[in-house]
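The structure appears below as C-alpha cells.
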Amino acid sequence: TFSKERVHAQLARSAFVFALTIVLSLVVHLSFPVRMEATVGGIASIVFTCILIAIPFTASGICVALALTRFPVQVSRLYAVDLAGAAVGCVSLVFLLAITDGPTAVFAVALLANIAVLCFASRAESRSLFRWAAFSAAMLGVFVVGHTVLVHQQQAIVRVGWGMNPQGQLVSIPRPLYERWNTHSRVRV
C-alpha cells in the first residue's frame, strides 16, 4: 500500500485527510456533550469521543511515519525538523491563543496542514489534490480570519456549548458575555 514510488502522493493524501478530519472531529465533538458518568450512555460518549479524536492523529501519524521511513538517507534531518516543528508549534500556540480562541486555533492548524499538502502534492504532480488543497487552504484562511473577528466581538460560531452546572449536571450553556482563551484556561463570564 505504501510503496516508495507513490510516497509523495501518499504524504499529500494523509496530510489532506489530517487537515479535513481535524476540523470535522472538532465540529462533531463540540456538537455532542461528553457525559462523564458511569452509565452505558456515559461510557459510550467517552468511547465515541476517543475514537473521533483519534482519527486525525492516525492520519498525521501516517504522514510522519511515511516521511521518516521512506527517506532513510535523510531520516536524521527529517526527525530534527519534526522535533523543531513541534517546538515551534508549541510556542506559536501561546501567541495564537493570545489572538483567537481554541476552536479557531484548530482551524489554523488545519490551514498549516493544507500548506503541507500543497508542498507534497506539487512533488507528487497531483494537480487535483493540489487544487483541492489550495481551495481548502483559502477557505480555512478566510474562516480563521473571519472567525477571529467574531471571537473578538464575542460572537464565535464554533464554540464550546456544553458544561456542568453547580449541581454537576451536563447542560447547554448560553453564549457568554465574555470569553477568553489562553494556554492554560478558558475564562467565561
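The values are calculated or read from the model by the stated rules, or taken from the named source; none is laboratory data. Because the structure is a prediction, the values reported are computed rather than measured. Here Cβ is always computed from backbone atoms with ideal geometry, including for glycine, and neighbour counts include all displayed protein chains. Side chains are part of the model used for accessible areas, which takes the heavy atoms of the whole protein and leaves out ligands, DNA and RNA. Shrake-Rupley method; radii C 1.70, N 1.55, O 1.52, S 1.80 Å.
Key figures for this structure:
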{"quantity": "Pairs, first assigned to a helix (DSSP H, G or I) in segment 97-109, second basic (Lys, Arg), C-beta under 7 Å, six or more apart", "calculated": "GLY102/ARG186; PRO103/ARG159"}
{"quantity": "Subset of segment 30-77 (residues that are of a type in the set (Val, Ile, Thr) and assigned to a loop (DSSP other than H, G, I, E, B))", "calculated": "VAL34, THR39"}
{"quantity": "Filter result for VAL117 (without any contact (Cβ under 8 Å) to a residue 60 or more places away in the chain and not hydroxyl-bearing (Ser, Thr, Tyr))", "calculated": "no"}
{"quantity": "Single residue of VAL7, VAL27 found to be over 14 Å from ASN114 (Cα atoms), outside any loop (DSSP other than H, G, I, E, B), among the β-branched types (Val, Ile, Thr) and open to solvent by less than 30 Å² (accessible area, probe 1.4 Å)", "calculated": "VAL7"}
{"quantity": "Filter result (open to solvent by less than 60 Å² (accessible area, probe 1.4 Å) and either more than 30 Å from VAL7 (Cα to Cα) or of a type outside the set (Ser, Thr, Tyr) (or both)) within segment 47-63", "calculated": "THR49, LEU52, ALA54, PRO56, ALA59, GLY61, CYS63"}
{"quantity": "Inter-residue pairs, beta-carbon under 9 Å, first among the aromatic types (Phe, Trp, Tyr) and in segment 31-55, second assigned to a loop (DSSP other than H, G, I, E, B), 6+ apart", "calculated": "PHE48/PHE32; PHE48/VAL34"}
{"quantity": "Given (1) within 25 Å of GLU179 (Cα to Cα); (2) open to solvent by less than 60 Å² (accessible area, probe 1.4 Å), index of the condition LEU93 fails", "calculated": "(2)"}
